[in-house]
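> One structure, pasted below without further comment.
The values are calculated or read from the model by the stated rules, or taken from the named source; none is laboratory data. Keep in mind it's a predicted model, so treat the numbers as computed, not measured. FYI the Cβ positions are ideal-geometry reconstructions off the backbone, even for glycines, and counts take in every protein chain you see. SASA here: full protein model, heavy atoms, side chains in, ligands and nucleic acids out. Shrake-Rupley method; radii C 1.70, N 1.55, O 1.52, S 1.80 Å.
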Amino acid sequence: MSRHAKARYNTALRHRINAGRVAVRDQIAFFGRQFGQVASEWKADDTRVTFADFAISEKLFAELRRDFPQDDYCSEEASPLDEEMALQADFAWIVDPIDGTNNYALGFPICAISLALLHKGMPVYGFIYDHSTASLYEGGPEHPFMRNQKRFKRDATAAEAQTMIGAHFPMELQLQGKLAPLMAQYRIRSFGSAALSATYVATGYLTGAIDYRVKVWDIAAAYALCAAVGLEWKFVEGSPFPATTFHPHQGRCPYYVGTAPLIEEIESAI
């Protein structure tokens with residue numbers, strides 16, 4: 001990329017980062033009002049969905065489209081009848097309007113808004129609003145990791161934390177068997193929010209996380225956050241990035257992420 005092209009890219013990225021932050025913040029009050037109150041129903045894949053999922057997705061994208069009509073927009077709650085979307089714009093947004101919908105509908109506070117910005121299919125910035133702590137985490141490759149717009153020092157948290165691993169259950173028995181030595185040695189945490197599990201690795205609260213049940217909208221923003229703090233992120237069956245297409249029924253993208261020593265232990269186990 002030439003110097004002039006790099007300058008244009010940086011300007012375009014900066015404008016989108018500022019707009020993405022505002023768009024997520026604008027949904028926090030609505031998110032809070034509906035928390036534990038909104039009616040829900042079950043989708044065909046045995047996951048819960050609420051009116052708030054659709055409303056937040058639509059409001060976020062309506063706000064961003066005013067400034068960036070040329071970008072691509074991808075949501076977990078897009079119509080399942082829609083055809084697969086080809087991502088052709090330089091920038092694309094992927095939203096999971098409520099990650100941890102089951103928790104959210106039942107009034108359990110571990111839930112989040114997750115918004116990722118991609119450039120040419122790669123996550124370059126992520127926003128995750130953690131309802132449990134009223135924290136907006138953001139960051140990406142070549143950008144600092146921040147909480148509520150203040151730099152967050154992962155090492156300070158990690159130094160005080162025990163070795164803990166985030167995991168998603170149910171987990172296949174074969175995989176449980178492979179991970180049994182790790183599960184016997186380290187504390188395991190399962191939050192019911194894939195986005196927050198990976199985010200807590202970025203904060204240092206968790207040493208690592210492993211999840212075989214996620215889809216791209218669950219992890220796109222957290223992928224950028226973990227890149228901001230230099231963590232290793234490994235996909236088990238091939239990376240979904242650079243993303244070239246999107247569909248709400250696309251397949252899973254199992255992964256593990258964490259510190260280099262823990263990554264070695266996971267790879268040895270699996």
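> If the requirement is being out of contact with any strand residue (DSSP E or B) (no Cβ under 7 Å at 6 or more places or on another chain), under 22 Å from E265 (Cα atoms) and open to solvent by 10 Å² or more (accessible area, probe 1.4 Å), which of these qualifies: A156, A227, A184, A194?
On the way: A156 fails: under 22 Å from E265 (Cα atoms); A227 fails: out of contact with any strand residue (DSSP E or B) (no Cβ under 7 Å at 6 or more places or on another chain); A194 fails: out of contact with any strand residue (DSSP E or B) (no Cβ under 7 Å at 6 or more places or on another chain).
Matching residue, one of A156, A227, A184, A194: A184.
> Name every residue in the range 246-258 that is without any contact (Cβ under 8 Å) to a residue 60 or more places away in the chain and under 10 Å from E232 (Cβ atoms), in order of residue number.
Residues satisfying the conditions are Y256, V257.
> Go through the range 104-133 and give me each residue that's in a strand (DSSP E or B), closer than 24 Å to S190 by Cα and open to solvent by less than 10 Å² (accessible area, probe 1.4 Å). Step through it out loud before you land on a result.
First, the residues of the range 104-133 that are in a strand (DSSP E or B): 112-119, 122-130.
If we keep only those that are closer than 24 Å to S190 by Cα too, we end up with 112-116, 126-130.
A112, I113, S114, L115, A116, G126, F127, I128, D130 - these are the residues of the range 104-133 that are in a strand (DSSP E or B), closer than 24 Å to S190 by Cα and open to solvent by less than 10 Å² (accessible area, probe 1.4 Å).
> Look through the range 1-53, keep the residues that are at pLDDT below 90 and basic (K, R), and return whichever of them is most open to solvent (accessible area, probe 1.4 Å).
Within the range 1-53, the match that is most open to solvent (accessible area, probe 1.4 Å) is R3.
> Let me ask another. Suppose we filter the range 160-188 for residues that are modelled with pLDDT under 90 and under 15 Å from P261 (Cβ atoms); how many remain?
Residues that pass the stated criteria total 2.
> Assess whether A62 counts as being modelled with pLDDT of 95 or more, among the small types (G, A, S) and assigned to a loop (DSSP other than H, G, I, E, B). Don't jump to the end; show me each part of the working.
On the way: modelled with pLDDT of 95 or more: yes; among the small types (G, A, S): yes; assigned to a loop (DSSP other than H, G, I, E, B): no.
No; evaluated as a whole, the condition is false for this residue.
> If a residue counts only when it is within 30 Å of N18 (Cβ to Cβ), which helices (runs of 4 or more DSSP H) contained entirely in the range 134-247 have at least 1 such residues?
Details: elements: 154-160, 173-185, 194-203, 216-228.
Where helices (runs of 4 or more DSSP H) fall fully within the range 134-247 and carry at least 1 residues being within 30 Å of N18 (Cβ to Cβ), they are 154-160, 194-203, 216-228.
> Testing K153 on (1) over 27 Å from I94 (Cβ atoms); (2) under 15 Å from the mean Cα position of the chain (by Cα), one condition comes back false. Which one is that?
Failing condition for K153: (2).
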